[in-house]
Amino acid sequence: MSVSSGDVSVHAILDRSRPQPLRVVSAQDFHLGPAEAADIAEALANPSCLPYCVDSEFAAMLLVEMPEGVDIENAPFLYAEQHRLARRVFRVPLDMLTRYCLALPDPERLLLIHSTGRCGSTLLTAALAELPEVRTLSEPDVFTQGAMTGPVHEQRTRATLAGVYRACLRLLCRASAPLHVIKLRSVAIEHADMIGAGMSGIRRLFLYRDAVAVAASTARILGRDPDDWILTAQELRSWRPLAPLLPCGDEGASVDAYTLYAALWAGPVAAFLRASATQNGWIGSLRYEDLCEDPPGALRALLLRCDAAVRFPTDLPTAFNRDAQRGSMLDRERVEASASERLRARVSGPAFAAAVVTALRRLAPDLPIDAPLPDRLCAAAD
């Protein structure tokens, strides 16, 4: 039986490939078998079948079916777990997906964690996952993929994309819980006005960290000496969707690693300052340094602002005493072991810090590099 592009189809996975584990998801991550006809009710009624990405034509959603019993709530990165354990892939046209999901309820309370990246968002999500009333997911990447398309100004396109995001959130939050938590990759904040638009139970938090510390962590992960790295034109094209403030370099001006680090931090911060002014469910900002100094105080303040039926734990979640990314490609020990001794020494020195600050002041002179961001959730360090 032939299956047209406007039908729901299911595919066996013949092979899978992600040569760069941290790369944003795409339909090319799987080599799929021939399309077989499928029922949308079968695909969307299965709680282990979750959105993975939009296809290359931006016409259909690929939903990945995982084995039953997989603990996706404690996966440091959902997209990586989906790719590793996927059994089958369903292809559902976007218009059909949004129509079907109109019958699904919005979650009663949903906290979206936005961040600069490299600032404890995985730690905070893991701590919240230990609370019995909370269900968490870390980095479903369809929102990253959407945000990487850049600003959307045409109203019809915005409405369509907001509908797709809302359908995905409803699918991801199908299980009943007083509080759902979804941690997003940093660039997703560029579409914060569309992700969760119209959902009354949305709460949004922005988590951030000292810019130099984020840059040092990023440098260790990338594993390249910043003093010896001038981005090529191809590298600029690859990084710009993740760092919209990154200069284009069209006129032959070189873009160095410090400018990349600055853009990766400044982009989400600038987006938060724009988005939080619109209200839209924002409950404040939280510094990683405050979270580490007073974990119970930060957790209590967060739960109070979420206004959900969640009891504050009597014991501090164990996530605060371990590496929340252990076992993943960002495992702290793995990252440290992969970085050369020379690189570790360089990113810890004053010259590195000065170069990052200089790049930030050149790239985004109006951002509060040293001052706390507005609507601070807690101020343990004050």
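Bear in mind these aren't lab numbers, they're just calculated from the coordinates by the rules spelled out. Note that the structure is predicted; figures quoted are calculated from it, not measured. Note that we place each Cβ from the backbone using ideal geometry, even for glycine, and neighbour counts take in every protein chain shown.
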Kindly put Glu133, Glu139, Glu341 in sequence by how many other C-beta atoms sit within 10 Å of each C-beta, fewest to most. Glu341, Glu133, Glu139
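What is the magnitude of the charge dipole of the chain about its Cα centre, with +1 placed on the Cβ of each Lys and Arg, -1 on the Cβ of each Asp and Glu, and no other charges, expressed in debye to the nearest 20? Don't skip to the end; give the middle numbers.
Values: 40 positive and 46 negative charges, 44 e Å.
Dipole of the chain, to the nearest 20 debye: 220 debye.
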To the nearest 20 debye, what is the magnitude of the charge dipole of the range 54-158 about its Cα centre, counting +1 on the Cβ of each Lys and Arg and -1 on the Cβ of each Asp and Glu? 240
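Can you give me the convex hull volume of the Cα atoms of the range 66-167, divided per residue and expressed in Å³?
So the per-residue Cα hull volume is 143 Å³.
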So, counting K/R as plus one and D/E as minus one, what does the shell of residues with Cβ under 9 Å around Glu65 add up to? +2
With +1 on each Lys and Arg Cβ and -1 on each Asp and Glu Cβ, how big is the dipole of the range 121-243 about its Cα centre, in debye rounded to the nearest 20? 540
Which of (i) 25, 56, 18, 0; (ii) 28, 59, 13, 0; (iii) 16, 23, 20, 16, 11, 7, 3, 2, 1, 0, 0 is the computed P(r) over Cα pairs in 20 Å bins from 0, in percent for the structure on display? (ii)
Would you work out which of Tyr100, Ala147, Leu131 lies farthest towards the positive end of the dipole of the range 87-182, given +1 charges on the beta-carbon of Lys and Arg and -1 on that of Asp and Glu, about the Cα centre? Tyr100
In a Gaussian network model of the chain with springs linking alpha carbons closer than 10 Å, the residue among Leu367, Leu184, Leu260 that fluctuates most is Leu367
Amide H contacts of Leu286 (H built 1.01 Å from N, under 5 Å, at least 5 apart or other chain): Phe206, Leu207, Tyr208, Leu377
Relative contact order [Cα under 8 Å, 6+ residues apart], the chain, whole percent: 17
Does the range 117-200 classify as rounded, prolate or oblate by the C-alpha gyration tensor (a ≥ b ≥ c root eigenvalues; a/c under 1.5 gives rounded; else a/b over b/c gives prolate, otherwise oblate)? oblate
What number does the range 1-149 give for Rg over Rh if you use C-alpha atoms and the Kirkwood radius? 0.96
Looking at the chain as a GNM with Cα springs under 10 Å, which of Ala80, Ala213, Ala147 has the largest mean-square fluctuation? Ala213
Restricting to the chain, compute how many DSSP beta bridges are antiparallel as a %, nearest 5. 50
Relative intensity, log₁₀ I(q)/I(0), of the range 198-253 from a Debye sum that treats every alpha carbon as a point, q = 0.22 Å⁻¹: -1.03
Within the chain, helix-based [θ] at 222 nm, where runs of 4 or more DSSP H residues each add -39,500 (n - 2.57), nearest 500: -11000 deg cm²/dmol
Sequence of Ser115, Ser254, Ser48 once ranked by neighbouring C-beta atoms within 10 Å, starting from the fewest: Ser254, Ser48, Ser115
When the chain is modelled as a GNM with alpha-carbon springs shorter than 10 Å, which of Ala43, Ala345, Ala309 fluctuates the most? Ala345
Once Lys and Arg are counted +1 and Asp and Glu -1 for all other residues with Cβ under 9 Å from that of Cys306, the total becomes +2
Residue among Ile189, Leu207, Ala355 farthest towards the positive dipole end of the range 104-382, charges placed on Cβ: Ile189
Neighbours of Val214 by Cβ distance under 12 Å: Lys/Arg at +1, Asp/Glu at -1, summed charge +2
Output the relative contact order of the range 45-177, whole-number percent, from Cα pairs under 8 angstrom with separation of 6+ residues. 31
So for Phe90, Phe143, Phe320, fewest C-beta neighbours within 10 Å to most, what's the order? Phe320, Phe90, Phe143
